1. Can you confirm whether segment 195-208 contains a residue that is more than 27 Å from residue 16 (Cα to Cα) and part of a loop (DSSP other than H, G, I, E, B)?
2. Conditions: (1) farther than 19 Å from residue 74 by Cβ; (2) free of Cβ contacts under 8 Å to residues at least 40 places away in the same chain; (3) under 16 Å from the mean Cα position of the chain (by Cα). Residue 179 meets all but one. Number of the miss?
3. Only residues that are within 27 Å of residue 57 (Cα to Cα) and surrounded by fewer than 21 Cβ atoms within 10 Å (Cβ to Cβ): list them for segment 152-164, please.
4. Determine if segment 164-179 includes at least one residue that is in a loop (DSSP other than H, G, I, E, B) and within 30 Å of residue 39 (Cα to Cα).
5. Taking the condition buried (at least 18 other Cβ atoms within 10 Å of the Cβ), within 16 Å of the chain's Cα centre (by Cα) and at pLDDT below 95, does residue 61 pass?
6. Which condition does residue 126 not pass, out of (1) modelled with pLDDT of 95 or more; (2) outside any strand (DSSP E or B); (3) over 12 Å from residue 192 (Cα atoms), if it passes all the others?
7. Could you go through segment 68-75 and let me know if any residue there is at pLDDT 95 or above, more than 21 Å from residue 207 (Cα to Cα) and surrounded by fewer than 16 Cβ atoms within 10 Å (Cβ to Cβ).
8. Which of the residues spanning segment 138-163 are outside any loop (DSSP other than H, G, I, E, B) and in contact with a strand residue (DSSP E or B) (Cβ under 8 Å, 6 or more places away or on another chain)?
């Protein structure tokens, strides 16, 4: 049975079509758009919150989107153990909704950054990174103005101890340096999970690197990891 992904669409979302192509056209799975006023996630195996500027990023990124009717269903879906991935604006929405700790603030440079980016994989684990190895360097582009990850010191300490840091910004050699950090994120954090490990938020855009013609295929590591985890769960 084919796995079915829900791609959540808010007013201002613009990476939804890219995700749909990556999932259906490249991965070969099923995907449907779920709009912000819908609440039925039954029949879906995974949820994607794409990037964009939900509700124009008024107030702050994700602040309005997390109040949309669909997010109550996403929260319930995650509580039941379903995998949820949020990229860029999706990461911001996940933090605003409380599904992930911390917050995303304005880039330290006060500039919008759109560039290729090396990431250091911190851990290899289902459902998002089982196709990678801890310590592996991958390349996933970033495109954001508010990607500066912040959490209180005690929360960061707990996240580090729990293995909730999924990725850090690094250079091509895997060195985690200030120069390799595109936005000023604490601890060079590029992506985090919840304590259960079934919710992932990351600022980079894996859906943009799923075909060689687009400059790389490292984004498929996420999608194939998720598909593998869904197939194992279905057995």
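1. No, the conditions are met nowhere in segment 195-208.
2. Every condition holds for residue 179 apart from (3).
3. Within segment 152-164, 152, 153, 155, 156 meet the criteria.
4. Checked against the condition, which is being in a loop (DSSP other than H, G, I, E, B) and within 30 Å of residue 39 (Cα to Cα), segment 164-179 yields at least one hit.
5. In short, yes.
6. Exception for residue 126: condition (1).
7. So in segment 68-75, the residues at pLDDT 95 or above come out as 68-75.
In the following step, the residues that additionally are more than 21 Å from residue 207 (Cα to Cα) were identified as 68-73, 75.
Those left that are additionally surrounded by fewer than 16 Cβ atoms within 10 Å (Cβ to Cβ): 69, 72.
Within segment 68-75 (the criterion being at pLDDT 95 or above, more than 21 Å from residue 207 (Cα to Cα) and surrounded by fewer than 16 Cβ atoms within 10 Å (Cβ to Cβ)), the answer is yes, since at least one residue qualifies.
8. Going through segment 138-163, the residues outside any loop (DSSP other than H, G, I, E, B) turn out to be 138-139, 142-144, 148-150, 153-162.
138, 139, 142, 143, 144, 148, 149, 150, 159, listed by residue number.
The values are calculated or read from the model by the stated rules, or taken from the named source; none is laboratory data. All values reported here derive from a predicted model rather than from experimental measurement. Cβ coordinates were reconstructed from backbone atoms using ideal geometry, including for glycine residues, and neighbour counts include every protein chain displayed.
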